Structures are given as C-alpha cells and as structure tokens.
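First the structure, in the form of structure tokens, and then the observations on it.
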Amino acid sequence: MKKGVFLVFITLLCLNCSDEDTGYEPTPQPLDIPQIFSDNIIAPVIPTDNPQTMEGVALGKQLFFDRILSADGTQSCASCHGPQSAFTDNTPTSAGIDGVFGTRNSMPLFNLAWNYGERFTWDGKELSLERQAEEPVQNPIELHSNWDDVVDRLQNHPEYPELFQHAFNTSTITKELTTKAIAQFERTLISANSKFDRYSLGQTSLTAQELNGLDVFLREDKGDCFHCHGNPNNPLWTDNDFHNNGLDTTFDDLGLGAVSGDPNDNGKFRTPSLRNLAFTAPYMHDGRFATLDEVINHYSEGLQDSPTIDPLMKQLDQGGVQLTTQEKADLKAFLLSLSDPSFINNPEFQN
Amino acid sequence: MNRLFVLLCSIMLLTSCSSNDDGETPTVSTTFKFTHNWDGALIRDYNFGPIQYINANGDIIGFERFRYLISDIVFTKANGEQIELDVYNLVDLTNEVNMEYTPETQIPPGSYTNVSFTFGLDNEDNSENHLDLNSASFNVPDNLGGGYHYMQFDGKFINSNMQEQGFNYHAIRAVDNPGANPTFPQDTFFTVNLGAINVTNDVEIEVQMNIAEWFKSPNLWDLNVYNQMLMPNSTAQIMMYENGQDAFSLGEVFQ
C-alpha cells in the first residue's frame, strides 16, 4: 500500500511539473478591448498560433518603424503608414524606395483585429494580417527587398536576435516570425475614442448639426450610408465587405475581380472605415478625392454606372442620393465626429 | 496496492457512468438545412450576378446579396405541449454561411404535429442587442425603429426603360414616421409552419425557400414601383410580410 501511494504521488508530481519544463515564456498581452466594442460587437480575431505578447508587440513596433526592412534602408512600413495620418499616407498613392508610385492609396491601419472576414488590403487578396505583412517588403515598387536578405540583416543585427528570443523563444529569425511580430503590433492599433464614441457612451453630446448628419447617414431615403459603413451599433464604421461604389464606368483596376477571377467582382473594393477621416485624406482606393466634400458629392451626384455597381447605390439615374447643401454639411460634421485625435497621438504608437 | 487499484478503478467507473444516467429522457439533435430555389430551380451562391430569373410580374432579375433571419424554433406535440427554442440564425446565401443550423438544445424523439419558426425576430428579440448581428451590419437604424433586418435581398432588374437598375428588398419591422418617435402600424415578422415531423433519431430538416414567392402573391410585385428605399415604406413592408407567408416549405427529412 505504501509503495502504491508513493507511486501515485510521484505520478502526480510529474504531471504537475510537466508544464514548467519549457522554461521562459513571453508575457501575454491581450488586446485592451474598448467598452464601445465589447458592448456592441463580437470579440476580435487573434490567431491561435500568434497570441499577443508584450515582447512580440514591442518587437513588432520596432520592426514597423525600422528601415531595415527596405532594400536600401530608406523606408519602413511607417513611411506609407504614418501615425499622424492614422497610419495611412497623405498622397493619393505612395512612392517606394525607387521613387516609383503604386496604384492604390495606402490603407489606414486601425481596429484590424475586428476584420472578421480576415481579408485585408483594398482587394482582399491577403487572407491574414501576417500574410499581408509579407508583401510590401518584397514588392518591387515598395520596400523592394527580398525576405532572405531581410532575415540576414535582422539575424546579424546587434539587437534583433535577442528581441526575437524574448518574443518567440528563439533567436533564429524567420520571415514568419518577423511578420507575426508586425501583425501583433498592428493589432494593438485600436481607435475607439472619437467624439461619437464618447457620445455613444453617454459621456458627451453632439451638436445639432452632427445629429442631423447622423440622421442623413442613417436614413435610407437620404444618405443611406449605413448599409456599408456601419452604424452606432457597429462602431467599426465599415462592413469590411467589397462593393463597387460607382466610381467608374470601366475599370483600370479590377479590385476584387482580379483576385477572385469572377467578372461579377470587377471594380469592387473593400469598404474603408469612416473613423479618422480627418486624418486620412485623400480618399478611395486610388486616392482620387482630395477632400471629404468631394466624397460626399460623389455619392450625391457623381455615381457612374457599370455592370457591377452595387445595388445599394441609390438613384443612379440621377447620379446619386441628391443631398441638399445643408444635408451635405450636416453629414460632413457627423463624419468628422468619428475621428479620434487620441489615436494618432497615442505615445504607444509613435516611433 | 491491490486495494488502491480497486479504489482507482471504482472511481473511474463511477465517473465514466455519470453521463449515462438511465433516468434521463433520451434526446436527439435537430439540424435545419436551408435551401433556396426559384420556382423549383436550385439557387446557390454561384447563381448570383447574372440577370436571369423572371418574376411573376415579368421582370428579369439577378441576385447580389441575400441573407435573412429565422428565430424561435417551436416543436409542438399532439397534446399541445411545446418545446420552444429561443434562438436565431442568420442565413447568408450570398456567402453560403449558416446554411445549416443545429440548436444546442436537443429534443426528445417523438411525433410532433408541427415544427415552426419565426421569419425575422419577434418584437422582444428585435429589441435586444445581438453582438453577432451588429458585427454582421444587419441593424436597422433607430430612426427607422431600431432592431435588425429580417431579410436583406439586393439585386438588379431590367426596368421599363430596358436599363439595369438596383433593388433593395429589405424586410424589417414596418415603421411609420421615421425619426425620433417612429410608430409601428403592424407586426411584420411571421410564423412559418413546416408541418408534422416524426422524430425518431438525430434529424436533419430541410427548410426550402422559393425566392420567387416574394414577388408573387397576394401582391404582384412591380419592381418598377417598389425597388429602393423600401425600409421607411410601411406599405411595401406589409406587402413583403404578406408575400413571404408562402415562401417557405418543408423539404426532405433525414434521420
């Protein structure tokens, strides 16, 4: 009997100890989910193979701002995704290290973990944030590197091997770990402290003009913006879905159609969030509209018909929803209430 | 040592038996499989896009987006006893998501004289905050009464000028006086009765929707008249409510 008890004791001891054999683990750092999100929408998407950790986020932030990712050391992710522009660029398209401009507007970066469909970029071709981070590094008109060289540079850097050791428990640097770290940092870019957020939480009030603008936004017989751009109960202010919003009659850029191969998807692009419009001009996938007024005018009078235009685009025969000058001004005032200065000035997000 | 072994074996035996209490009534799972057709022709996501279906009014239409809510599944026995499941499912034919739905609650096998569900949400459920439906952008704005869409059907048709035109057949709770104090002329969710089902085992119940019915009767739907901005149009909402009554039917039952 004594031997049996001893055997059970030893077995239990071994079972209890088994988790401690792995040694160091990075420190978990779950996303700090804002109340306006937890009250209204489901939990963010965090890949099981890339949990948020304090060391991983810190490494990702350093990589995001480090020009070591570019072939000639002149540009970083932040060159086209600057904090003061809500992590987009202030030009219609952006120039890479060779001075060559791309064809798409740099997308702003925030609330990315709440993109439930996990289709990133304007055309949805990237199926995770980790995979998205691979592409600009090797794109010949962006950072124009190749990943083997980047990994070599990081591996031979005086600091990075140790930072990877802390973040991922290995000092052997790979492309996969590098993009995992960048994705962890990008998931921390949360914007949820606009004037409208505080209004929704009962912490402030909106002006009469902003409230009128909200009414225009939500009225199906006025702006009807909410079907694609969310509503006070969906504070992402995007459906993250793909629509042809009537920019062109024919397409130089097929958007989703080039990814899916389905001609019914030609001219469809992902709905951008309406948060932080005060900082993200110019607008649309090609940055064609310099001002918010131009955007509102487009939906009011400027719609262009094409075979794949979304049926949610209203009064196409009249060019759009025909807002009055006052309604346009009200709508603009409301839209600007969705901007979040604390996001662009958050010290956690600065270099 | 032997006594310890017997003790451990006894504990394991007792633990493994705990979920097989002979006193419990056996239950079975129910799975609802949603299929869609246009007067008998199967509609799948790959049929979306081309303008190719002719409705009762003679308008040629195509699908762009189609999703709807069903809720509150009820199993009724001959003695009137009902098993009510306070659930909902957002069927998304556009992306073929939630095309099969298995409620967590299982039911006893038996002969049910009717199986029913609600199209849309009743007013109580519609007034609640559903995070998954918010995340799917299925809301109805507060100035239109709040709550959620019952159905979002977006498409295109050839109008009387022979031009392609969009339509938004969006079913919601009928509302008048949009704004701060909307009023509700009548309820527009409705009960779909599938009829009797004898449940002997885990069962898969096919729920068929003939999409063409939404345009057919009792109101012959003219898309040239009713195409867009129908959410604040209570007349259109009540017509949708009336036309939807015959859209659903019981398909095959597997068990």
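The values are calculated or read from the model by the stated rules, or taken from the named source; none is laboratory data. None of these values were measured; they are calculated from a predicted model. When we count neighbours, we look across all protein chains shown, and the Cβ atoms used for this are built from the backbone with ideal geometry, even at glycine.
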Given the options A:231, A:240, name the one that is buried (at least 20 other Cβ atoms within 10 Å of the Cβ), under 25 Å from residue B:95 (Cβ atoms) and without any contact (Cβ under 8 Å) to a residue 24 or more places away in the chain. A:231
Looking only at the stretch A:150-183, which residues are farther than 30 Å from residue A:111 by Cβ and among the polar types (S, T, N, Q)? A:155, A:156, A:165, A:170, A:171, A:172
For the stretch A:201-259, how many residues meet the condition of being more than 17 Å from residue A:124 (Cβ to Cβ), of a type in the set (A, V, I, L, M) and in contact with a strand residue (DSSP E or B) (Cβ under 8 Å, 6 or more places away or on another chain)? 1
Residue that is nearest to the other protein chains (Cβ to nearest Cβ) [pool: residues in the stretch A:205-221 that are farther than 23 Å from residue A:37 by Cα and surrounded by fewer than 22 Cβ atoms within 10 Å (Cβ to Cβ)]: A:221
Determine, yes or no, whether residue A:224 is at negative phi and not assigned by TED's automatic domain parsing to the domain that holds residue A:121. no
Search result, residues across the stretch A:48-63 that are assigned to a loop (DSSP other than H, G, I, E, B) and crowded, with 16+ Cβ neighbours inside 10 Å: A:50, A:52
Just name the residue that is modelled with the highest pLDDT out of those in the stretch A:1-26 that are within 30 Å of residue A:162 (Cα to Cα) and surrounded by 10 or more Cβ atoms within 10 Å (Cβ to Cβ). A:26
Per the list (1) among the β-branched types (Val, Ile, Thr); (2) in contact (Cβ under 8 Å) with a residue 40 or more places away in the chain; (3) part of a helix (DSSP H, G or I), residue check on residue A:151 breaks on (2)
(1) within 12 Å of the chain's Cα centre (by Cα); (2) closer than 16 Å to residue B:206 by Cβ: which one isn't true of residue B:40, the others all being true? (1)
Do you know which residues across the stretch B:109-138 are among the hydroxyl-bearing types (Ser, Thr, Tyr), surrounded by fewer than 16 Cβ atoms within 10 Å (Cβ to Cβ) and away from every other protein chain (no Cβ under 13 Å)? B:111, B:113
Hey, can you tell me all the residues within the stretch B:181-218 that are surrounded by fewer than 18 Cβ atoms within 10 Å (Cβ to Cβ), within 30 Å of residue B:52 (Cβ to Cβ) and free of Cβ contacts under 8 Å to residues at least 40 places away in the same chain? B:218
Any residue in the stretch B:166-173 that is free of Cβ contacts under 8 Å to residues at least 24 places away in the same chain and of a type in the set (A, V, I, L, M, F, W, C)? no
Considering residues that are within 14 Å of chain B (Cβ to nearest Cβ), within 26 Å of the chain's Cα centre (by Cα) and assigned to a loop (DSSP other than H, G, I, E, B), the number found within the stretch A:312-351 is 2
